[in-house]
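Colleague: Can you keep this structure in mind? I'll have questions shortly.
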Amino acid sequence: MGLFGRIKDKIFGQSAEKPEDAGKAGPSRVQKRQGIDTPGTSGAAVSNIGPGASGGRVDVEKSLDEMAKKSSQELDWRHSIVDLMKLVGMDSSLSERRELADELGYDGDKGDTATMNIWLHKQVMKKLEENGGRVPREFLD
């Protein structure tokens, strides 16, 4: 899975199971690995912000705001790709951002990190929208 896929999964609240499978009986992979057999429970929590919730679109702003409330750091995910990556628990180093830029098709100067970071933030928001996220217009312009 690429870097964008990891960002998307963190924001969308993906679990090991699809929402439609959550009610099925049987131990989760973690329970199986740990030797725990709990009939009648799936062992996986399904987020109410994942795909299929409230019309099938994930509220990206709400999801990130909820993560920010739980964070011990004050992160400006609304304007900073570095802070967005930190918020979802990813390495935000320059090498990782350059790798994300390559993955998303950035063709500018990767030495001009300010320009690249602005492009990355907008591109990540655009891709989140394309993949089922509800993203406020202010993040896309």
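Colleague: Please give the per residue volume of the convex hull enclosing the alpha carbon atoms of the range 55-141, rounded to a whole number of Å³. Working shown, then result.
Modeller: Values: hull volume 8.6 nm³, N = 87.
Enclosed volume per residue, from the Cα hull, is 99 Å³.
Colleague: Next up: Keeping every protein chain in place, order GLU130, GLU96, GLU138 by accessible area at 1.4 Å, biggest value first, i.e. largest first. Let's see the in-between values first.
Modeller: Details: GLU130 110, GLU96 40, GLU138 130 Å².
Reading off the accessible areas and sorting them downward yields GLU138, GLU130, GLU96.
Colleague: Right, another one. What is the distance, in nm, between label points placed 7 Å from the Cα along the Cα-to-Cβ direction at MET90 and at LEU140?
Modeller: 2.0
Colleague: Continuing with this model, one more query. Under a crude label model (7 Å from the Cα following the beta-carbon direction), how far is GLU99 from LYS122 in nanometres?
Modeller: So the two model labels end up 2.6 nm from each other.
Colleague: Quick check on my link table: of LYS10/LYS70; LYS70/LYS126; LYS69/LYS127; LYS8/LYS110; LYS10/LYS110; LYS62/LYS110, which ones sit more than 20 Å apart, alpha carbon to alpha carbon?
Modeller: LYS70/LYS126; LYS69/LYS127; LYS8/LYS110; LYS10/LYS110; LYS62/LYS110
The values are calculated or read from the model by the stated rules, or taken from the named source; none is laboratory data. None of the values given here were measured: they were computed from a predicted structure. Reconstructed Cβ throughout: ideal geometry from the backbone, glycine too, with neighbour counts over all protein chains shown. Surface areas here come from the heavy atoms of the whole protein model, side chains and all, with no ligands, DNA or RNA. Shrake-Rupley method; radii C 1.70, N 1.55, O 1.52, S 1.80 Å.
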